[in-house]
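The values are calculated or read from the model by the stated rules, or taken from the named source; none is laboratory data. The structure presented is a predicted model; accordingly, all values stated were derived computationally and were not measured. Here the Cβ positions follow ideal geometry from the backbone for every residue, glycine too, while neighbour counts run over all protein chains shown.
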Amino acid sequence: MKCPDKKSFDNFLQAGSRLCLALVVLSALMILPVGAQSNSPATTLGELQRRLTEHVSQPRFEPGIFGVKVVSLDSGKTLFEHDAAKLFSPASNCKLYTVALALDQLGGDYRIKTSLYSAAKPNRFGALKGDLIIYGRGDPCINGRLHSNDIFQALEPLVTALTNAGVKRITGDLIGDESFFHGPPYGSGWDCDDLEFYYGAEISALTINDNLLMLAAKPSTRVGAPCALSLSPQTSYLVLSNRTQTVAAGGKRDIHCYRPLGENVVYVSGQWPLNDVPHHDYLTVHQPAGLFVALFREALARHGIKVGGKLRVANWLDRQATPLDLGRLVELGAVESLPLRELAAEIHKPSQNLYTDLLLAHLGALATLTNAAFAGTAEDAGIEQLKRFLSKAGVRAGDVHFEEGSGLSRNNLATPNASVALLTFMSRHAEAAAYRDSLPIAGVDGTLKSRMKNSLAAGNVHAKTGTLRWANSLSGYVTTAAGEHLVFSIMLNRFVPETNASAREAIDFLVTQLADFTGRSER
């Protein structure tokens, strides 16, 4: 065999080196997320569709399900779809449906009223003979968060309404009436352990302070002593069983809270290091109407109004046994919530479960006022209202299956097709601006505040997030770099990341591609 000369051998080595380098680069590109391979925007619809297809078709997504639908609001053309007819767990994308229903049926100016009732007006000395009933209808706004973190400032309008009616003393009981809502104090399909956490606070027609109390656990001044526990606002309605211990400085931080279902005792255990900052946690309460009247009595006492009787709560079961005829009572005064268009933002931007389920129950309760034969819960009636609305909105039958309004239920199902149809309908609605403005804005606020920063999506994308374990979604509106207005719905379920790449990053890549797109769908 003839040996190669030196020049041929050098050429062979150089060619081999170039081949190896090419293979290394190709291998690196193959393991990078799609999108890291090209920073330039898609300029044609075909190129955009190719990029989106490559992204959702990656092997890492095969164990899960990825659904996407993108439609132009300008041309009506579908730019991209992938498994858009499949049913997914939408998580908090459900809020898009509940808020749309409320804006459609009630309008953006609508407010929820809380009333003060008695059997008669006070006498000329200011004495109210008999009971005072605080009758709730699901107003979520009587909370410290909206009033400089002062719950008594939040209750002040209700106290003022009573003093304006001339009441100086109440001889009877103070009754918190939550009977406007029929049904259990939690959403259908919620897991029982959800009820211990702030996102699973009980649903009550007489809601106060988001039906939460803030726990502070402060270490003692000596090792081995229990931590000092306190509640804000201060109340004896929730009892704390202190099983904590202060440990040496630099020790492990480990505080746990457990409230058994149907009780108002919280067992606080664990340890907290000496000289450390206090630990804070939100605690839910059972039967929030009881907390309401406890705090309201304190608010009255601060104005010198004494309550001679007891504190009581009346729910829908109590009123079945002893009906309440509001027509025979005197309304001494009332307060109202924020207008619905502002409530929509309070729901969507932080993804507030309680407010959403209060709104659905309120809609259901209103419907049952004109249909006495309806035997279901307020939630059931709200879901029936939702079904009729979705038909009007052009959502295909069978594309949505909800059993509660916030998305905390793992049993709620929707297709990307349905969410795009809903968002398209609401883009032409009389309350379109209120609906769109209520959504989180990428890189700016709400649950999208830290997402898609330093991209064309920031300040542009208005969309609702959704997150449960193994369920992530994002649906809303985006304007492309060419000025075209798009509506999209992206749902990723059962995706378990094997690397640092998260479900949110996988979804955000698709949205930023839409924001960067310099082409147009009609060309």
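Failed condition for Arg428, given (1) in contact with a strand residue (DSSP E or B) (Cβ under 8 Å, 6 or more places away or on another chain); (2) free of Cβ contacts under 8 Å to residues at least 60 places away in the same chain, with all others met?
It is condition (1) that Arg428 fails.
I'm checking my understanding of the structure. Among residues of the range 123-169 that are polar (S, T, N, Q) and assigned to a loop (DSSP other than H, G, I, E, B), which one is nearest to Asn353 (Cα to Cα)?
Taking the range 123-169 as the starting set, the residues that turn out to be polar (S, T, N, Q) are 123, 143, 148-149, 153, 160, 163-164.
This time we only want the ones that are assigned to a loop (DSSP other than H, G, I, E, B), so: 123, 143, 148-149.
On the way: Asn123: 43, Asn143: 15, Ser148: 22, Asn149: 20 Å.
Per the stated criteria, the residue is Asn143.
Quick check on the range 102-113. Is at least one of its residues at pLDDT 95 or above, hydrophobic (A, V, I, L, M, F, W, C), in the same structural domain as Arg504 (by TED's automatic domain parsing) and farther than 30 Å from Glu384 by Cα?
Taking every residue of the range 102-113 in turn, none turns out to be at pLDDT 95 or above, hydrophobic (A, V, I, L, M, F, W, C), in the same structural domain as Arg504 (by TED's automatic domain parsing) and farther than 30 Å from Glu384 by Cα.
Enumerate the strands (runs of 3 or more DSSP E) found wholly within the range 184-281, keeping only those where 1 or more residues are touching a residue at least 12 places away in the same chain (Cβ under 8 Å) and of a type in the set (Phe, Trp, Tyr).
Values: elements: 212-218, 228-232, 239-247, 254-258, 265-273.
In the range 184-281, the matching strands (runs of 3 or more DSSP E) lie at 254-258, 265-273.
Which is over 27 Å from the mean Cα position of the chain (by Cα) and closer than 25 Å to Glu196 by Cα, of Arg312, Arg259, Arg302?
Values: Arg259 fails: over 27 Å from the mean Cα position of the chain (by Cα); Arg302 fails: closer than 25 Å to Glu196 by Cα.
Of the residues listed, the single one that is over 27 Å from the mean Cα position of the chain (by Cα) and closer than 25 Å to Glu196 by Cα is Arg312.
With the structure loaded, tell me whether Ala217 is within 10 Å of Gln271 (Cα to Cα) and surrounded by 15 or more Cβ atoms within 10 Å (Cβ to Cβ) or whether it fails that test. Reasoning before the result, please.
On the way: within 10 Å of Gln271 (Cα to Cα): yes; surrounded by 15 or more Cβ atoms within 10 Å (Cβ to Cβ): yes.
Answer is yes for this residue.
When the range 226-260 is examined, which residues are found to be among the basic types (Lys, Arg) and within 14 Å of Leu212 (Cα to Cα)?
First, pick out the residues of the range 226-260 that are among the basic types (Lys, Arg): 243, 252-253, 259.
Arg259, the sole residue that qualifies.
Just give me the residues in the range 322-337 being without any contact (Cβ under 8 Å) to a residue 24 or more places away in the chain and of a type in the set (Ser, Thr, Tyr), in sequence order.
Thr322
Among (1) in the same structural domain as Gly443 (by TED's automatic domain parsing); (2) among the small types (Gly, Ala, Ser); (3) farther than 25 Å from Gly189 by Cα; (4) at pLDDT below 95, which single condition is Gly394 missing?
(4)
Tell me which residues, restricted to the range 467-493, are surrounded by fewer than 16 Cβ atoms within 10 Å (Cβ to Cβ) and closer than 26 Å to Asn353 by Cα.
Residues of the range 467-493 surrounded by fewer than 16 Cβ atoms within 10 Å (Cβ to Cβ): 469-470, 482-483, 485.
Within the range 467-493, Arg469, Trp470 qualify.
One line per residue, one yes/no per condition, for (1) free of Cβ contacts under 8 Å to residues at least 12 places away in the same chain; (2) on the phi < 0 side of the Ramachandran plot:
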residue	(1), (2)
Pro288	no, yes
Ala299	no, yes
Gln320	yes, yes
Ser351	no, no
Thr356	no, yes
Leu369	yes, yes
